[in-house]
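The values are calculated or read from the model by the stated rules, or taken from the named source; none is laboratory data. No experiment lies behind these values; they were computed from the predicted model shown. We place every Cβ from the backbone using ideal geometry, glycine too, and count neighbours over all the protein chains shown.
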Amino acid sequence: MGEANNYSKIENLVIIGSGPAGYTAAIYAARANLSPIVITGYEKGGIPGGQLMTTTFVENFPGFPNGIIGPQLMDLIKAQALRWGSNLLEEDVLEVDLKQKPFLIKTSTKTLRTNALIIATGASANKLGIPNESKYWSKGISACAICDGATPQFKNEDLAVVGGGDSACEEAVYLTKYGSRVHLIVRSKALKASAAMVDRVISNRQIKIHWETELINVEGQEWMTNLILKRSNSELTEKVKAKGVFYAIGHTPNTEIFKGQLNLDEKGYILTKQGRPETSLFGVFAAGDVCDSEWRQGITAAGSGCKAALAAERWLSNEKLTKLVKRKEVEPSQANKDIESEISTKENFNENVLWHKGSYALKKLYHESKSPILVIYTSPNCGPCHVLKPQLRKLINELNGKAYFIEINIEEDEDIAKQGGVTGTPTVQLFQSKKLINEWRGVKQRSEFKKVINNLL
Ligand SMILES: Cc1cc2nc3c(=O)[nH]c(=O)nc-3n(C[C@H](O)[C@H](O)[C@H](O)COP(=O)(O)OP(=O)(O)OC[C@H]3O[C@@H](n4cnc5c(N)ncnc54)[C@H](O)[C@@H]3O)c2cc1C
């Protein structure tokens with residue numbers, strides 16, 4: 001691994017991961033004046049904000065009696081971490097060297113050196129590995145109902161969810177809002193979800209449960225049209241019509257980069273001292289789903305993030321390695337709030353505004369403007385869209401106003417989404433002089449968009 005390059009200062013504490021565990025650790029470490037660096041992750045092991053960015057209502061996180069939308073909860077926790085002086089690096093960690101002291105942490109642009117490390121890299125959704133999986137990925141197959149459920153191709157069609165736990169049940173109920181019927185494919189004889197969730201599924205007439213059944217393949221033409229199901233106790237297969245199938249079959253811990261350097265269990269979870277955040281290496285702590293295959297909840301992850309930060313603070317102090325960072329002000333300023341722009345109409349359209357919303361702006365600028373136009377297709381409650389939008393807003397300034405950005409909510413502008421061939425959110429299309437120049441699906445680094453737009457200018 002390379003030398004510490006453009007970041008040769010030694011940090012007190014680096015936190016890898018920006019789910020509830022990572023951001024909670026950051027709140028505690030920042031309040032202890034350790035000025036922690038949070039490497040948020042980008043796409044390798046999930047998006048910034050972690051798994052709760054892919055869900056709708058979180059109804060069990062204390063303090064929100066009426067529930068809160070997952071991405072909103074993560075925005076609030078992030079704002080709290082920032083308010084107290086955490087520093088964010090919005091990249092993936094590609095490599096670590098924990099044999100060296102200070103530890104070396106490498107991202108695509110930086111190599112950081114740090115005395116203490118908290119690993120909060122969470123877990124990623126599993127895939128089935130069926131024969132046509134890659135062919136129909138994003139053409140019917142998805143691992144996130146909340147992100148892709150509003151896609152026009154799914155509207156009033158038969159859909160399916162694979163799995164029998166809380167996530168599968170939640171997704172099946174959620175998808176009844178879009179599909180005409182939802183097949184829940186359950187490998188065993190019972191659902192493993194909480195009793196309240198099981199009741200919701202059983203009482204929903206739009207959900208058909210296929211007990212002791214496996215999905216062995218999907219078929220279709222350009223888009224998937226059928227599920228191929230097999231009963232566990234039979235060799236016979238059955239074809240069932242469905243335009244979409246959503247995986248909810250568990251997770252794998254994001255520990256690839258730590259293999260051979262830390263003690264892991266047989267499934268890859270980081271082993272810590274029982275009930276404590278210390279790992280097999282002094283100065284390295286773990287928190288959240290990455291070291292917890294059992295409880296895997298937002299609140300348990302947040303709690304373990306708190307423990308990891310307190311343990312790291314004590315360890316740094318015992319080792320006499322702490323370099324406290326003095327705050328400019330004793331009291332931090334208020335946390336930032338995101339500003340939502342209004343939908344552009346004939347009456348309020350202003351061509352000097354660079355971020356527009358809705359089909360009116362798209363039609364007008366598509367026909368009249370010579371500047372590059374970036375169209376961002378989003379859907380309500382889509383966590384990855386939530387991550388991408390602030391990145392693209394930063395791009396407006398970096399491009400010195402030389403491109404337009406138009407946000408299209410695919411639920412409100414269904415026809416436009418269909419016309420654009422949008423199969424999931426976020427999707428971004430770049431147009432110039434009525435020509436489609438490029439398309440990106442999912443969350444990408446803003447440098448990728450910038451490079452292609454700059455080539456047009
Ligand atoms: C659909 C769904 C619904 C859920 N609903 C609920 C609920 O209602 N209530 C509840 O309490 N829990 C819920 N959970 C569980 C909850 O989301 C998790 O337990 C919790 O998010 C775990 O937090 P974490 O911080 O450990 O990890 P995660 O949330 O998984 O975050 C991991 C972070 O690490 C980052 N990362 C990974 N690899 C790297 C790398 N190489 N470099 C840099 N960063 C990296 C990721 O980008 C991400 O930011 C739900 C989970 C899912 C999937």
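If I filter region 141-151 for residues that are assigned to a loop (DSSP other than H, G, I, E, B), among the hydroxyl-bearing types (Ser, Thr, Tyr) and within 14 Å of the ligand (Cβ to nearest atom), do I get at least one hit? Working first, answer last.
Keep residues of region 141-151 that are assigned to a loop (DSSP other than H, G, I, E, B), which gives 143-144, 149-151.
Next, only the ones that are among the hydroxyl-bearing types (Ser, Thr, Tyr) stay: 151.
Those still in the list that are within 14 Å of the ligand (Cβ to nearest atom) too: none.
Checked against the condition, which is being assigned to a loop (DSSP other than H, G, I, E, B), among the hydroxyl-bearing types (Ser, Thr, Tyr) and within 14 Å of the ligand (Cβ to nearest atom), region 141-151 yields no hits at all.
For residues in region 217-226 being within 27 Å of the chain's Cα centre (by Cα) and in a strand (DSSP E or B), which is surrounded by the most Cβ atoms within 10 Å (Cβ to Cβ)? Across region 217-226, the extreme among qualifying residues is Val218.
At least 2 residues that are away from the ligand (no atom under 14 Å from the Cβ), out of contact with any Cys (no Cβ under 9 Å at 6 or more places or on another chain) and hydrophobic (A, V, I, L, M, F, W, C) in each: list the strands (runs of 3 or more DSSP E) lying fully within region 1-104 that qualify.
Ranges flagged: 10-16.
Would you confirm, using the coordinates I've provided, whether Ser359 is hydroxyl-bearing (Ser, Thr, Tyr), over 29 Å from Thr107 (Cβ atoms), surrounded by fewer than 22 Cβ atoms within 10 Å (Cβ to Cβ) and touching a helix residue (DSSP H, G or I) at 6+ places or on another chain (Cβ under 7 Å)? Here the answer is yes, as Ser359 does meet what is asked.
Does Asp148 satisfy the criteria of being under 16 Å from the mean Cα position of the chain (by Cα) and not assigned by TED's automatic domain parsing to the domain that holds Thr40? The answer is yes for Asp148. The set of residues in region 256-297 that are closer than 26 Å to Lys320 by Cβ, more than 20 Å from the chain's Cα centre (by Cα) and part of a loop (DSSP other than H, G, I, E, B) comprises Gln261, Leu262, Thr272, Lys273, Arg276, Pro277, Thr279, Ser280, Leu281, Phe282, Gly283. For Gly179, the conditions (1) of a type in the set (Gly, Ala, Ser); (2) closer than 30 Å to Ser293 by Cα; (3) not in a strand (DSSP E or B) all hold with the exception of (2).
Thr322 falls short on exactly one of the conditions (1) part of a helix (DSSP H, G or I); (2) surrounded by 10 or more Cβ atoms within 10 Å (Cβ to Cβ), and that condition is (1). With respect to the conditions (1) part of a helix (DSSP H, G or I); (2) in contact (Cβ under 8 Å) with a residue 60 or more places away in the chain; (3) of a type outside the set (S, T, N, Q), Arg327 falls short on a single one, namely (1). Residue count for region 417-445 satisfying the condition of being crowded, with 19+ Cβ neighbours inside 10 Å and within 20 Å of Lys44 (Cα to Cα): 6.
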